[in-house]
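The values are calculated or read from the model by the stated rules, or taken from the named source; none is laboratory data. Small disclaimer: the values here were computed from a predicted structure and weren't measured. Here the Cβ positions follow ideal geometry from the backbone for every residue, glycine too, while neighbour counts run over all protein chains shown. Side chains are part of the model used for accessible areas, which takes the heavy atoms of the whole protein and leaves out ligands, DNA and RNA. Shrake-Rupley method; radii C 1.70, N 1.55, O 1.52, S 1.80 Å.
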Amino acid sequence: MFQQPHIQHLKSFNRNNINVDVLRLDTIHPIVSGNKWYKLQYYIQDAITKNYTTIVTFGGAYSNHIIATAFACKEFNLKSIGIIRGEKAPTLSHTLQQAKQYEMELHFVSREAYKYKNEIASKMSNDKHYIISEGGYGKLGATGAASILKTVDTTSYTHIICACGTGTMLAGIINAAQAHQAIIGINALKGYENIVEDINNICNTKKEFTVMNNYHFGGYGKHPKDLISWMNTLWQTEQLPTDIVYTAKLFFATKDLIETDYFGADSKILIIHSGGLQGNLSLPKGTLLF
Ligand SMILES: *Cc1c(COP(=O)(O)O)cnc(C)c1O
């Protein structure tokens, strides 16, 4: 059902004898790509062990988490309900159409009401409905994300770098990393300053890490022209597809940090490609070369 991820070497990132590799989680599945599947594993297991029959979760119209949850629930014979931010559009996004194909029941709530999603969740929570928070944020999500570093041998890298939304994946990487490895997160959101605290709250170790808050390109849903042209350049030089929300910013940041000598000579960097390519379907045809 899922492919093993593989490592790709990025030759165009070479400088000062720094070696840069990518862990390609985007290739594990054509639709449910990336980190979301890993983050969900323990929630699904927990729900099944506790005899819940339905999973309820939250997200926007392009959410990778919504699609992955819909898929995982179908795989494990659980019912799934998605609380979707914003009024129902006349034509559903590709993401929501796919979630429906995986038999997720969609409930649309206004952006205003969505701000109180924790209250919606507590109202829906009962002995049948298992609630997973938006983006899979939480300790079980981090525990699942920790298994990302076990998919290939990652022990020789000096730095591990990944994108952050809720920070759950980064928390998992922190849990699983070796003592000698430096951990860096690239925040895709603008003005989410509490992320470090939110990460610390779900980590089960006290290890140092760094979050960079200045590579958001205008914010979560923003994808200015220079980001799009960077994605096309990366595709042309490395045959590496990226997504507009997270990984394009991640690779841009890594290249920028290399060029400004953030990393010492001879560093061995592992970039986690966390997938999310389905979100690019929201762009007009022809915007991207891949
Ligand atoms: C959700 C997502 C992230 C962010 O993961 P968090 O655990 O929420 O920080 C990064 N990349 C992609 C492609 C994602 O879909």
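Over the range 36-136, what relative contact order in percent results from Cα pairs under 8 Å that are six or more residues apart? Before the final figure, lay out each step's value.
Details: 162 pairs, mean separation 37.2, N = 101.
37 percent.
Distance between the C-alpha centres of the range 80-132 and the range 3-70: 20 Å, rounded to the whole angstrom.
Accessible surface area normalised per residue over the chain is 46 Å², counting heavy atoms of protein chains with a 1.4 Å rolling probe.
Taking all protein chains as they are arranged and a probe of 1.4 Å, the heavy atoms of Trp235 leave approximately 70 Å² accessible to solvent. Pairs Lys11/Lys255; Lys79/Lys100; Lys36/Lys150; Lys206/Lys255; Lys88/Lys225; Lys74/Lys115: which exceed 19 Å Cα-Cα? Too far apart for the 19 Å limit: Lys206/Lys255; Lys88/Lys225; Lys74/Lys115.
Treat the chain as a sphere of radius equal to its Kirkwood radius over Cα pairs and apply Stokes-Einstein at 4 °C in a medium of 1.567 mPa s; give the translational diffusion coefficient in µm²/s, rounded to a whole number.
Details: Rh = 19.4 Å.
Translational D for this selection: 67 µm²/s.
Placing a pseudo-label 7 Å from each Cα along the Cα-to-Cβ vector at His107 and Asn204 gives an inter-label distance of 3.1 nm.
Take the solvent-accessible surface of the protein heavy atoms, probe 1.4 Å, and return the percent of it on the range 1-121 that carbon and sulfur atoms account for. Intermediate results must be reported in sequence, preceding the final value.
Working: 2830 of 5920 Å².
It is 48 percent, rounded to a whole number.
Taking only protein heavy atoms and a 1.4 Å probe, the accessible area of the range 182-290 is 52% carbon and sulfur. Working ranking of peptides 172-182, 273-283 by packing, defined as the average number of other Cβ atoms within 10 Å per residue, highest first, is 273-283, 172-182.
Summarising the overall dimensions of the range 36-136 from its C-alpha atoms, the Rg and Dmax are 12.5, 39 angstrom. Computed 3J(HN,Hα) for the range 32-40, one whole-Hz value per residue from the Karplus formula 6.51 cos²θ - 1.76 cosθ + 1.60 where θ = phi - 60°, is 8, 7, x, 7, 4, 4, 5, 5, 7, glycine and proline marked x.
Taken one residue at a time, the phi angles of the range 176-181 give Karplus couplings (6.51, -1.76, 1.60, θ = phi - 60°) of 9, 5, 6, 4, 7, 8 Hz. Gly and Pro are set to x.
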